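Visitor: After the structure tokens below, expect a handful of questions from me.
The values are calculated or read from the model by the stated rules, or taken from the named source; none is laboratory data. Only a predicted model underlies this, so the values are computations on that prediction, with no experimental measurement involved. Cβ: placed from backbone, ideal geometry, glycine included. Neighbour counts: every protein chain shown.
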Amino acid sequence: MTSTSVGRAGLDKKPADVAAMFDGVARRYDITNTVLSFGQDRGWRKATRRALALGPDDVVLDLAAGTAVSTEELAQSGAHCIAADFSLGMLKAGHRRPVPKVAADALTLPFADESFDAATISFGLRNVANVDTALAELQRVLKPNGRLVICEFSTPVFGPFRTLYMEYLMKALPPVATRVASNPEAYVYLAESIRAWPDQAGLAERITAAGFGNVRWRNLTGGIAALHYATK
Ligand SMILES: C[S@@+](CC[C@H](N)C(=O)[O-])C[C@H]1O[C@@H](n2cnc3c(N)ncnc32)[C@H](O)[C@@H]1O
């Protein structure tokens, strides 16, 4: 699929289109997220923080941090948490959040090898143009035994719930987004990219193939999202 010029990326996820699309949703990103997820996003962020088991001595990379809403949650642990994203619009929208912010592309991270005790990417990996390269970069910047937690949309495990959810994604979500979001087209991309994304086991295979060990996952909200854990 090719990208369009109306403010959304295509499933080819050209980096410039993805960054521009997030620039376009940045202003109302946080509130739109909360509305479209029926408030589940807060619980998912908390679950991500707990899964990382952070301590005050940890240096943590929050990749694809967007408005740093996820980084702010992680920082509650007392760890030194850095928000990195390639959408300057998203980083600017989070300028009031008191965490360090770095402009960075997940495919070529501006950090030295073995810089972080832990790394996380929430609702970001699905958007990168090359998932395997992003995983390899996360592996590179983690210290030996460093923890990785990926929070991403996934596949509901209970059949009837899965059917209902897919209907919500394709039929109800875009009209709701039209009322709330600053760029509703981006939410058509959201629905399509979720449907095209691997399920829990499929993502676990990709993480293992990138060289991580101890790969496992836990479902959130019946599998609408999942947390994948791994260690370097
Ligand atoms: C859905 S937002 C997630 C923001 C935040 N982590 C959260 O949980 O709300 C996805 C973010 O991924 C970022 N992103 C996508 N591809 C990226 C890349 N290659 N490098 C850095 N950031 C990227 C986008 O700019 C966007 O801010």
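Visitor: Residues to consider are Ser77, Ser70; find the one that is of a type outside the set (Val, Ile, Thr), at pLDDT 95 or above and part of a helix (DSSP H, G or I).
Guide: After ruling out the rest, the residue left standing is Ser70.
Visitor: Name every residue in segment 21-45 that is small (Gly, Ala, Ser) and assigned to a loop (DSSP other than H, G, I, E, B), in order of residue number.
Guide: If the condition is that a residue be small (Gly, Ala, Ser) and assigned to a loop (DSSP other than H, G, I, E, B), then Ser37, Gly39 are the ones that fit.
Visitor: With of a type in the set (Gly, Ala, Ser), surrounded by 23 or more Cβ atoms within 10 Å (Cβ to Cβ) and in contact with a strand residue (DSSP E or B) (Cβ under 7 Å, 6 or more places away or on another chain) as the only criterion, which of Ser122, Ser87 stands out? Talk me through it step by step, then tell me what you get.
Guide: Values: Ser87 fails: in contact with a strand residue (DSSP E or B) (Cβ under 7 Å, 6 or more places away or on another chain).
Going through Ser122, Ser87 in turn, the sole match is Ser122.
Visitor: From the list Val25, Val18, Val69, Val35, which residue is more than 14 Å from Gly124 (Cβ to Cβ) and of a type in the set (A, V, I, L, M, F, W, C)?
Guide: Only one candidate qualifies: Val35.
Visitor: What residue, among those in segment 68-81 that are within 13 Å of the ligand (Cβ to nearest atom) and farther than 15 Å from Leu148 by Cβ, is surrounded by the fewest Cβ atoms within 10 Å (Cβ to Cβ)?
Guide: Glu72
Visitor: Are there helices (runs of 4 or more DSSP H) fully within segment 149-214 with at least 1 residues that are modelled with pLDDT of 85 or more and under 20 Å from the mean Cα position of the chain (by Cα)? List them.
Guide: 159-167, 185-195, 200-209
Visitor: Could I ask something else about it? Please indicate, with yes or no, whether at least one residue in segment 46-59 is more than 11 Å from the ligand (Cβ to nearest atom), without any contact (Cβ under 8 Å) to a residue 12 or more places away in the chain and in a helix (DSSP H, G or I).
Guide: There is at least one residue in segment 46-59 that is more than 11 Å from the ligand (Cβ to nearest atom), without any contact (Cβ under 8 Å) to a residue 12 or more places away in the chain and in a helix (DSSP H, G or I).
Visitor: Just one of the numbered conditions (1) in contact with a strand residue (DSSP E or B) (Cβ under 7 Å, 6 or more places away or on another chain); (2) buried (at least 21 other Cβ atoms within 10 Å of the Cβ); (3) over 19 Å from Thr231 (Cβ atoms) is not true of Pro100; which one?
Guide: Pro100 satisfies every listed condition except (2).
Visitor: Next question, about the same structure. Please indicate, with yes or no, whether at least one residue in segment 96-107 is on the phi > 0 side of the Ramachandran plot, part of a loop (DSSP other than H, G, I, E, B), within 11 Å of the ligand (Cβ to nearest atom) and in contact with a Gly (Cβ under 8 Å, 6 or more places away or on another chain).
Guide: no
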